[in-house]
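Remarks on the structure that follows.
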Amino acid sequence: MFAVMKTGGKQYKVASGDILRVEKLAAEAGETVQFNDILMIGDAIGAPTVEGAAVQAEVIDQIKGEKTINFVRRRRKHSSKRTKGHRQQLTLVKVTELLTSGADKSGVKAAIGAAIASAMAHNGEASASVSASAAPKKASAKKASAEAAPAKKADSKPAATGGADDLKELSGVGPALEKKLHENGVTTFAQIAAWTDADVAEMDEKLSFKGRIEREGWIEQAKKLAN
């Protein structure tokens, strides 16, 4: 029996015992993880995924892919060119079991991309910070006069959005692109300002940006907007 699973924006046809190189996961060597986005397993075809199905795998090691060279040349009055190398961070896993049902009761840790896990952790810290700062306001609100009530309502809005920034302030980002960034766990300027070359390459691949992040200068813009 084989299954078709999805992780890191790619699809893999797998069987028990297969060894795969997938986009870097938030897991240590020796851990068992579970892929829950199963498009097909055996005779069952998902719509779009097969409910209750999963692929379990053991993490063998965290590795890097082959080095790729990116050369950019701009033909302008003041022409410029740049050469940059990149090695994609990957996780080597061995498929141990295919589950046709009962994935939610297996108790095995879900396979989550390292970039998404980092973004989730960052959002958790931001939410905790917002909640902590909102607590004194909530306590003092009981003693506030009727004139202070509108100000309290305005202050509660950032806490409701979990501290997310308006990413549409970045060059070239509209509502649709902002939604895609949110779906990939990117909600604040601080996250974008902290991106490394590997993070930029990963996001380029996920959202098919093809160098857009560097062309638009998102990281520099985010550093200014985050202050």
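Yes or no: the stretch 92-107 includes at least one residue that is hydrophobic (A, V, I, L, M, F, W, C) and within 30 Å of R215 (Cα to Cα). Within the stretch 92-107, not a single residue is hydrophobic (A, V, I, L, M, F, W, C) and within 30 Å of R215 (Cα to Cα).
Within the stretch 195-227, the set of residues being touching a residue at least 60 places away in the same chain (Cβ under 8 Å), closer than 18 Å to H122 by Cβ and within 18 Å of the chain's Cα centre (by Cα) comprises A198, D199, E202, M203, K206. Of the strands (runs of 3 or more DSSP E) that lie entirely inside the stretch 1-75, those containing 3 or more residues that are in contact (Cβ under 8 Å) with a residue 24 or more places away in the chain and surrounded by 12 or more Cβ atoms within 10 Å (Cβ to Cβ) span 2-7, 19-23, 32-35, 38-41, 54-74.
Is at least one residue of the stretch 89-109 touching a strand residue (DSSP E or B) at 6+ places or on another chain (Cβ under 8 Å), surrounded by fewer than 12 Cβ atoms within 10 Å (Cβ to Cβ) and either at pLDDT below 90 or in a strand (DSSP E or B) (or both)? Taking every residue of the stretch 89-109 in turn, none turns out to be touching a strand residue (DSSP E or B) at 6+ places or on another chain (Cβ under 8 Å), surrounded by fewer than 12 Cβ atoms within 10 Å (Cβ to Cβ) and either at pLDDT below 90 or in a strand (DSSP E or B) (or both). Taking the stretch 186-201 as the range and being of a type in the set (G, A, S) and either in contact with a helix residue (DSSP H, G or I) (Cβ under 7 Å, 6 or more places away or on another chain) or over 23 Å from L90 (Cα atoms) (or both) as the test, the residues that pass are A190, A193.
The values are calculated or read from the model by the stated rules, or taken from the named source; none is laboratory data. Just so it is clear, the structure is predicted and the values come from calculations on it, not from any experiment. Cβ atoms come from the backbone with ideal geometry, glycine included; neighbour counts cover every protein chain shown.
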